[in-house]
Amino acid sequence: MQINFFDDGQIEHLFPLTLTRPAADLRCGINTVAEKWTALLKPSSWGFETRAYLTVKFPATENADLRINGRLLPNEELIKAIAALQPGQTLTAGETILAEKTGNPAQNMDFNGSYTLLNRPYDIFLQAGTEIKRDMATLTAGRSSQQLHASVQVIGEHPVFMEEGAKAYACVINASNGPVYLGRNAEIMEGCLVRGPFAMGEGSVLKMGAKVYGPTALGPYCFVGGEVNNICMQGYSNKGHDGFLGNAVLGEWCNIGADSNCSNLKNNYEDVKVWNYSNGRFDRSGQQFCGLIMGDHSKCGINTMFNTGTVVGVSANIFGAGFPRQFVPDFAWGGASGFITYKPDAACKTASLVMPRRKKEFDETEKAIMEAVFSLTSEWRNWEGNDGK
């Protein structure tokens, strides 16, 4: 079996996270969407059908006999329905294509079971608890955890699983509400307080005294300190110091400055409105709790304050006193007092210094994606004149 994960017409609703990746490369829980499906279906090869500027980094597999919507999270009902598809049959829910077995003649098959699509960025933290449990069950089936150090206090009946090389010392892990997963070479330092469901990817670190409320999922090589509640980091990002971050999604290569805080609840307790790139306005999220959504390569200085439901685009740099606007466009440089454009050359230079710290290379492919995103998002930098400043 060969699988391609396709981006459908709703991909812009997941910006800024999907400006730099296909939907199936979004991490929700421990694994990305593509990793979830491939772990269950075990294809011989797989790839992505996505926008042209992403295809070098995320190529399609040739002659795919199965196409799956990149926003679709797997469950048992879907797996059975997809396995039953014959060549030419398309599995649909209303007007949404969920999966397709290539071939002729074409035939639509209505799916009447339960399913979950990632429709907005905040769906990632809303689904984190369910997906941590599912991913952990898949990843740890038939395997034994490394032994916890005697200094670790564990409460609750859900499992705590440590991959090879993972470390935890003198911390409290409460698994009453869900499991806890430590990836290969991950570390929980002394004095940390952790409530499941919680997962941390390979090489990630909880710094001393961190307070973590689940459901929270950290991708690979993230550093987290201070207080966090129901956050998801795609990978390679830092919130290493004191300060609060809740009900949030950070992309890759982000950095939250020391003592920065983000509101996740409005003073009047109303639903939070969140910027939507697709229609260029703030939409009601239907959520009472929603904090920060931040695209790849964005950063904020020390003591930054974010309003409820703030969306920060790709490669923005935020600093200074006061609250920045609730939508900070891609490649913005500044804060509450205003913005100028963070030019691609400068942004790429910074990325070329940051990524090798995690043994990753900022190459021509990464540069081309950054330049494409800069061009694609120019309409939102409304301070720019004809000279692009």
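The values are calculated or read from the model by the stated rules, or taken from the named source; none is laboratory data. Values in this document were obtained by computation on a predicted structure and should not be read as measured data. Positions of Cβ are generated from backbone atoms using ideal geometry, with glycine treated the same way; all protein chains shown enter the neighbour counts.
See the values below:
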item: Among the residues listed as Val194, Val272, the single one being over 30 Å from Arg284 (Cβ atoms), in contact with a strand residue (DSSP E or B) (Cβ under 9 Å, 6 or more places away or on another chain) and assigned by TED's automatic domain parsing to the domain that holds Phe323; result: Val194
item: Residues within the range 67-86 that are surrounded by 13 or more Cβ atoms within 10 Å (Cβ to Cβ) and over 25 Å from the mean Cα position of the chain (by Cα), tallied; result: 3
item: Selected residue (criterion: surrounded by the fewest Cβ atoms within 10 Å (Cβ to Cβ)) from residues of the range 333-372 that are closer than 21 Å to Ile256 by Cβ and among the aliphatic types (A, V, I, L, M); result: Leu353
item: Given (1) under 13 Å from Cys254 (Cα atoms); (2) over 20 Å from the mean Cα position of the chain (by Cα), number of the condition Gly322 does not satisfy; result: (1)
item: Any chance Pro344 is over 19 Å from Glu12 (Cα atoms) and either β-branched (Val, Ile, Thr) or not assigned by TED's automatic domain parsing to the domain that holds Gly225 (or both); result: yes
item: All strands (runs of 3 or more DSSP E) inside the range 246-332 with 2 or more residues being surrounded by fewer than 18 Cβ atoms within 10 Å (Cβ to Cβ); result: 281-284
item: Counted residues, the range 166-177 - those being over 15 Å from Leu139 (Cβ atoms) and either assigned to a loop (DSSP other than H, G, I, E, B) or basic (Lys, Arg) (or both); result: 7
item: Output for the range 373-385, where each listed residue is surrounded by 14 or more Cβ atoms within 10 Å (Cβ to Cβ) and assigned to a helix (DSSP H, G or I); result: Val373, Phe374, Leu376, Ser378, Trp380
item: Some residue of the range 286-295 being free of Cβ contacts under 8 Å to residues at least 40 places away in the same chain and not β-branched (Val, Ile, Thr); result: yes
item: Qualifying residue in the range 27-41 (condition: of a type in the set (Lys, Arg) and in a helix (DSSP H, G or I)); result: yes
item: Residue in the range 296-304 that is charged (D, E, K, R) and within 22 Å of Glu227 (Cβ to Cβ) present; result: yes
item: Test: residue in the range 116-137 that is under 30 Å from Asp65 (Cβ atoms) and of a type in the set (Ser, Thr, Tyr); result: yes
item: Test: residue in the range 14-27 that is hydroxyl-bearing (Ser, Thr, Tyr), in contact with a helix residue (DSSP H, G or I) (Cβ under 8 Å, 6 or more places away or on another chain) and crowded, with 24+ Cβ neighbours inside 10 Å; result: yes
item: Selected residue (criterion: nearest to Ala141 (Cα to Cα)) from residues of the range 31-70 that are touching a Phe, Trp or Tyr at 6+ places or on another chain (Cβ under 9 Å) and β-branched (Val, Ile, Thr); result: Thr38
item: Odd one out for Pro59 among (1) in contact (Cβ under 8 Å) with a residue 12 or more places away in the chain; (2) touching a helix residue (DSSP H, G or I) at 6+ places or on another chain (Cβ under 8 Å); result: (2)
item: The range 118-140: number of residues that are more than 18 Å from Glu202 (Cα to Cα) and surrounded by fewer than 17 Cβ atoms within 10 Å (Cβ to Cβ); result: 1
item: Residue count, the range 302-334 (criterion: of a type outside the set (A, V, I, L, M) and farther than 22 Å from Leu376 by Cα); result: 11
item: Some residue of the range 31-54 being in contact (Cβ under 8 Å) with a residue 60 or more places away in the chain, of a type outside the set (A, V, I, L, M, F, W, C) and surrounded by fewer than 20 Cβ atoms within 10 Å (Cβ to Cβ); result: yes
